[in-house]
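Contents: one structure, followed by commentary.
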Ligand code: PMM
């Protein structure tokens, strides 16, 4: 198990970390409803842990385009029992939330990383909450909530604009007091991005890496892979049948040494990381 203590620098074990996803939601695009009951979510998290997940990311709000937000009481009801149980079982837990209130309760329940897909833009208290608690923070590129985010997928140069906007978000995080050694960046694949934007970001990942922070890559099961793998009639490949393609991308980004991948299946992605790592370290 990767050591990931509060108030200490991020673990960097020399290979890409694998973050397994537990969506405690009725409506996530990739696995909506499958793990909505707390017992099912806990069992799923434990299964991912047994497969070798370095972290378990627990979320209670679907961020799919067009999704309606649960209120914070409902989000807390969804995630806190699951985080409590997984942390007690020894998992390194991250909480996928845009709300400072949920982040704070999740940290109290044992989470050691806050994965904020809004990168501090959704809740003005988020950055100071994370700074005060001294936990690690995933700062993702974000332009707005799910209900209208795809209308914001307009760029002259997506990579340059993501770099600029993420730099702004990083500046705010540092100003709020989050230690640079606890920051992880994420380009936000599919968040106010078309498939073409996602491919450009993957192609030019070096420009995001140049910001100098560890990178988390979340492409698992996303729509652009469904489009890539569409059948002859043009029907996109369903989300749960995109895992092999997701794993291929894991191998490619692990080969360049990204800090982590956020994925729905753990064992095949751990294997992909092992292959990439073996090649990377062969002289
Ligand atoms: N994607 C989703 C949710 N949370 N967090 C980070 N850091 N990066 C992502 O790309 C990301 C995320 C949406 O996917 P899901 O509904 O399958 O969880």
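The values are calculated or read from the model by the stated rules, or taken from the named source; none is laboratory data. Fair warning: this is a prediction, and the values are worked out from it, not measured in the lab. All Cβ positions, even for glycine, are placed from backbone atoms using ideal geometry, and neighbour counts span all protein chains on display.
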Among the residues of the stretch 1-18, the number that are modelled with pLDDT of 75 or more and out of contact with any strand residue (DSSP E or B) (no Cβ under 9 Å at 6 or more places or on another chain) is 4
inquiry  = Against the condition over 24 Å from residue 217 (Cα atoms), touching a helix residue (DSSP H, G or I) at 6+ places or on another chain (Cβ under 9 Å), away from the ligand (no atom under 16 Å from the Cβ) and touching a residue at least 12 places away in the same chain (Cβ under 8 Å), how does residue 91 come out, does it pass?
reply    = no
Of the listed residues (263, 253), the one being within 11 Å of the ligand (Cβ to nearest atom) and either more than 20 Å from residue 64 (Cα to Cα) or crowded, with 23+ Cβ neighbours inside 10 Å (or both) is 263
Scanning the stretch 38-52 residue by residue, those on the phi < 0 side of the Ramachandran plot and away from the ligand (no atom under 14 Å from the Cβ) turn out to be 38, 39, 40, 42, 43, 46, 47, 49, 50, 51
Of all helices (runs of 4 or more DSSP H) fully inside the stretch 150-230, the set with 2 or more residues that are within 16 Å of the ligand (Cβ to nearest atom) and out of contact with any strand residue (DSSP E or B) (no Cβ under 9 Å at 6 or more places or on another chain) is 158-176, 195-203, 223-228
Per the filter on the stretch 112-130, residues farther than 21 Å from residue 145 by Cα and within 14 Å of the ligand (Cβ to nearest atom) are 113
Condition set in contact with a helix residue (DSSP H, G or I) (Cβ under 7 Å, 6 or more places away or on another chain) and without any contact (Cβ under 8 Å) to a residue 40 or more places away in the chain, scope the stretch 244-253, selection farthest from residue 30 (Cα to Cα): answer is 251
With respect to residue 144, is the statement that it is modelled with pLDDT under 95 and in a loop (DSSP other than H, G, I, E, B) true? yes
